[in-house]
Amino acid sequence: MNQIIIGIGELQVTNMPGSVLRTFALGSCVGVALVAPRLKAAGLLHIALPDSSINLKLATERPGYFADTGIPILVKKMLNCGCRYTDLIVKIAGASNIMDTQNTFKIGSKNTLAVKKHLWRYKLGPVAEDVGSSISRTMTVDVDTGKIIITSPGNGGWEL
């Protein structure tokens, strides 16, 4: 098995058989998975913030850090892998309020809304999501099967 780790603000796309894409510690961040099971291709993006206008330098250096700059790149890379829009299945996870228990900043909610807004530009939307609450999540995408597994410390694992 070829495990590809995606850090905060990073994204990867692959159609290499036997590959698994994985991102850890989705707190207020949102993991965006695009899978094309028929083509055995998948992409995973770990978004930290909704809008790049707050730090244009970081957006240039790490466009995956923001929903508005990361999603277009993820979609483009999936299309470059031979996928069509109609092949793509979207699933998202994260957006919890671990550090914001009083829900003051609502970064998780803002991230979720931004992700959906930018996906809608491509006429895409999540068919499944596991967002909110106050847990940290790890998101794993199996390229061969298209399955997405969410795990959380103390909460086990489940398929999304």
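For segment 40-160, the tally of Lys pairs with Cα-Cα distances below 16 Å comes to 9, considering only residues 8 or more apart or on different chains.
Note that segment 77-92 has calculated 3J(HN,Hα) couplings of 5, 5, 5, 5, 7, x, 7, 10, 4, 5, 7, 7, 10, 10, 9, 10 Hz, one per residue in order, obtained from phi through the Karplus relation 6.51 cos²θ - 1.76 cosθ + 1.60 (θ = phi - 60°); glycine and proline are x. Taking 0.36 nm per residue of separation and subtracting the Cα-Cα distance, full extension of the segment from Lys123 to Ser53 would add 22.8 nm.
Amide H contacts under 5 Å for Ala41: Ala36, restricted to partners 5 or more places along the chain or on a different chain, H placed in the peptide plane at 1.01 Å from N. Distances between placed amide hydrogens fall under 5 Å for Lys147 paired with Asp142, all partners being 5 or more residues away or on another chain.
The length gained by stretching the chain between Gln3 and Arg84 to full extension, at 0.36 nm per residue less their Cα-Cα distance, is 26.7 nm. Overall, the anisotropy analysis places segment 76-154 in the oblate class: the square-rooted eigenvalues a ≥ b ≥ c of its C-alpha gyration tensor yield a/c not less than 1.5, with a/b not exceeding b/c. Of the listed values (1) 15.2, 46; (2) 15.4, 49; (3) 14.4, 44, identify the label whose number matches Rg and Dmax of the Cα atoms in Å calculated from this model. Checking each listed value against the structure points to (3). Whole Å is fine, so just give me how far the alpha carbon centre of segment 44-81 lies from that of segment 112-159. For segment 44-81 versus segment 112-159, the Cα centre distance is 17 Å.
Throughout, read-outs are computed from the coordinates displayed, never taken from laboratory work. Predicted, not measured: the structure shown is a model, and the values here were computed from it.
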